[in-house]
Amino acid sequence: MAKYRLSFLALAVAAAMWSGGPAVGRTLSGPPQAKPLRLYVLDGGVLESDPARYRLSAQEVKTTQLSVAAFLIVHPRGTLLWDSGAIADDSWTPTGSPVVRHLTLSNGQPRQVTIRKPLAAQLMTAGFTLRTVTYFALSHYHWDHVANANDFAGATWLVPKIEHDAMFPATPIEPPQPSMFAALQNSKTVLVDNDDYDVFGDGTVLIKQARGHTPGHQVLYVKLARTGGVVLAGDLYHYPEERTLHRLPTTEFNEQQTRASREAIERFLQRTGAQLWIQHDLTAHAKLKKVPEYYD
């Protein structure tokens with residue numbers, strides 16, 4: 001009997017080796033382990049800015065320049081792209097060196113952004129394409145967050161109804177650059193009405209309403225296993241000094257709502273211990289790992 005047991009074991013080992021075999025430490029049965037939640041940081045360039053727009057002086061800030069950022073969240077149940085940059089990929093040609101783009105918005109305001117890599121090329125370094133993004137969400141509709149939005153019209157768009165209505169009003173007044181996201185009007189759309197929207201249904205990726213900067217401004221909470229909780233702030237703040245000196249931008253849709261949203265998110269940060277990543281904070285953004293590296 002012992003001989004037969006040894007023979008059976010030998011056959012089992014041989015079969016496992018023929019099929020690629022279980023790796024050391026893996027069991028012979030059970031489903032494969034799902035990949036952990038990942039957060040990729042995409043670099044959208046450097047925006048020249050005037051701190052006076054945020055009731056700050058040049059002497060009160062570390063740098064007057066702002067970063068432009070987008071983020072890819074990879075979950076076992078899908079992917080979410082958060083924001084899409086200030087310069088559309090199809091409007092410039094990469095040269096290997098920084099490219100300066102001068103824009104004049106429809107309200108006549110000149111802006112300058114220095115960029116290095118297209119958004120699509122950065123996604124590819126993480127193994128994704130424009131078409132493989134499952135969900136798309138914007139912190140808000142301003143031009144420096146929506147430049148590549150039309151490229152994600154094939155994804156499911158997650159947007160507060162009040163923001164959607166502001167983006168596609170019956171009588172266009174705002175926002176200044178509607179052509180940047182016109183294709184989203186025909187996207188599969190989920191209108192987010194509740195304060196917290198659980199993107200993947202397990203509490204790890206939450207869209208949190210933070211109104212005031214625009215009618216439906218929102219932030220994103222990502223609960224990572226090793227990094228811990230991270231809140232991507234959208235334009236809740238632009239300069240970190242806004243947060244420490246309690247200053248408000250001069251162009252808020254509703255300053256009272258912005259104050260209330262800031263207070264609510266600060267309470268959330270205290271309660272959860274999450275980090276706040278100010279997307280426009282150039283100094284902090286420069287220190288973050290960029291795609292293809294990631295946070296998990």
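The values are calculated or read from the model by the stated rules, or taken from the named source; none is laboratory data. Here the structure is a predicted model, which is why all the values come from computation and not from measurement. Positions of Cβ are generated from backbone atoms using ideal geometry, with glycine treated the same way; all protein chains shown enter the neighbour counts.
Some points to look at:
- Residues of region 197-206 satisfying the condition of being within 16 Å of the chain's Cα centre (by Cα), not hydrophobic (A, V, I, L, M, F, W, C) and not in a strand (DSSP E or B): T204
- Residues in region 221-240 include at least one that is part of a helix (DSSP H, G or I) and more than 26 Å from S91 (Cα to Cα).
- Qualifying residue in region 171-183 (condition: among the aliphatic types (A, V, I, L, M) and surrounded by 16 or more Cβ atoms within 10 Å (Cβ to Cβ)): yes
- For A120, the criteria (1) within 30 Å of Y197 (Cβ to Cβ); (2) in a strand (DSSP E or B); (3) in contact with a Leu (Cβ under 6 Å, 6 or more places away or on another chain) hold in every case but one, which is (2).
- For region 51-81, the candidate set comprises residues that are assigned to a strand (DSSP E or B), touching a helix residue (DSSP H, G or I) at 6+ places or on another chain (Cβ under 9 Å) and of a type outside the set (A, V, I, L, M); within that set, the residue that is farthest from T258 (Cα to Cα) is T79.
- Considering residues of region 111-168 that are hydroxyl-bearing (S, T, Y), buried (at least 21 other Cβ atoms within 10 Å of the Cβ) and more than 13 Å from A69 (Cα to Cα) only, the residue modelled with the lowest pLDDT: Y141
- Residue match in region 230-244 (condition: farther than 26 Å from Y294 by Cβ and out of contact with any Phe, Trp or Tyr (no Cβ under 9 Å at 6 or more places or on another chain)): yes
- Qualifying residues in region 197-231 (those that are aliphatic (A, V, I, L, M) and touching a His at 6+ places or on another chain (Cβ under 7 Å)) - the one surrounded by the fewest Cβ atoms within 10 Å (Cβ to Cβ): V205
- Considering residues of region 265-283 that are surrounded by 16 or more Cβ atoms within 10 Å (Cβ to Cβ) and part of a helix (DSSP H, G or I) only, the residue farthest from the chain's Cα centre (by Cα): F268
- Considering each residue of region 207-214 in turn, none proves to be modelled with pLDDT of 95 or more, charged (D, E, K, R) and more than 19 Å from the chain's Cα centre (by Cα).
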